[in-house]
Each structure stands twice: as structure tokens, then as C-alpha cells.
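S.K.: This structure is in C-alpha cells; I'll ask about it shortly.
The values are calculated or read from the model by the stated rules, or taken from the named source; none is laboratory data. Here the structure is a predicted model, which is why all the values come from computation and not from measurement. Cβ: placed from backbone, ideal geometry, glycine included. Neighbour counts: every protein chain shown.
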Amino acid sequence: MNYEFSFGSFIFGVLILVAGILFVRYHQWLANNFGAGVGSYDRYKLYGLITCGVGLLVTTNLHVVILRWALGFLFPGLR
């Protein structure tokens, strides 16, 4: 299992990261308009932080390594 850098994943990961940052920045507005208001502020901020984490994984192309490891663990015949 070799790590390979991919510019496509890097750009897509940066876009996901920017979306996560905007989600964290405007979580109160989103919670007020699409959620239950003040009661869901923390939940929306958590979703934004999870999106930032996924964006960082995709930016560094580590999501492929993690998915290969997980699928190899679940389906050992595919290795």
C-alpha cells in the first residue's frame, strides 16, 4: 500500500475544507434557518468540524489509505 499524492484530491479536499470552515463560521445562521435554533448550535458546529476533518483527510489523500485498510479488514479476499 503506497501513498501517492494527487492534485485532484488536493483541490477537492481544499474545497471541502473551505465548505467546512464556512459551515463553522455561519453555524448559528444555519441552525436558526434550517434547524431547531439555539438548541442545535453545538450540533451544527460539530458537523462543520467533522467536515473540516474530512477535508483535511481528502487534501492529504489519506482517505484512500483509510478506505483500503477498512475494506481490506472487512473483506480479506480483496487484498
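S.K.: Report, by residue number, each residue of region 48-79 that is assigned to a loop (DSSP other than H, G, I, E, B) and either in contact with a helix residue (DSSP H, G or I) (Cβ under 8 Å, 6 or more places away or on another chain) or in contact (Cβ under 8 Å) with a residue 60 or more places away in the chain (or both).
M.R.: Initial filter on region 48-79 (assigned to a loop (DSSP other than H, G, I, E, B)): 60-61, 75, 79.
Correct list: THR60, ASN61, ARG79.
S.K.: Quick one: in region 1-14, of everything that is out of contact with any helix residue (DSSP H, G or I) (no Cβ under 8 Å at 6 or more places or on another chain) and part of a helix (DSSP H, G or I), which residue is surrounded by the most Cβ atoms within 10 Å (Cβ to Cβ)?
M.R.: Per the stated criteria, the residue is ILE11.
S.K.: Under 7 Å between Cβ atoms, at least 6 apart or on separate chains: pull out the pairs that start in region 12-35 with a residue that is free of Cβ contacts under 8 Å to residues at least 12 places away in the same chain and over 14 Å from LEU49 (Cβ atoms) and end on any residue that is surrounded by 14 or more Cβ atoms within 10 Å (Cβ to Cβ) and not hydrophobic (A, V, I, L, M, F, W, C).
M.R.: These pairs meet every condition: GLY35/TYR44.
S.K.: Being part of a helix (DSSP H, G or I), modelled with pLDDT of 95 or more and touching a helix residue (DSSP H, G or I) at 6+ places or on another chain (Cβ under 7 Å): is that true of ALA31 here? First the steps, then the outcome.
M.R.: Numbers: part of a helix (DSSP H, G or I): yes; modelled with pLDDT of 95 or more: no; touching a helix residue (DSSP H, G or I) at 6+ places or on another chain (Cβ under 7 Å): yes.
Answer is no for this residue.
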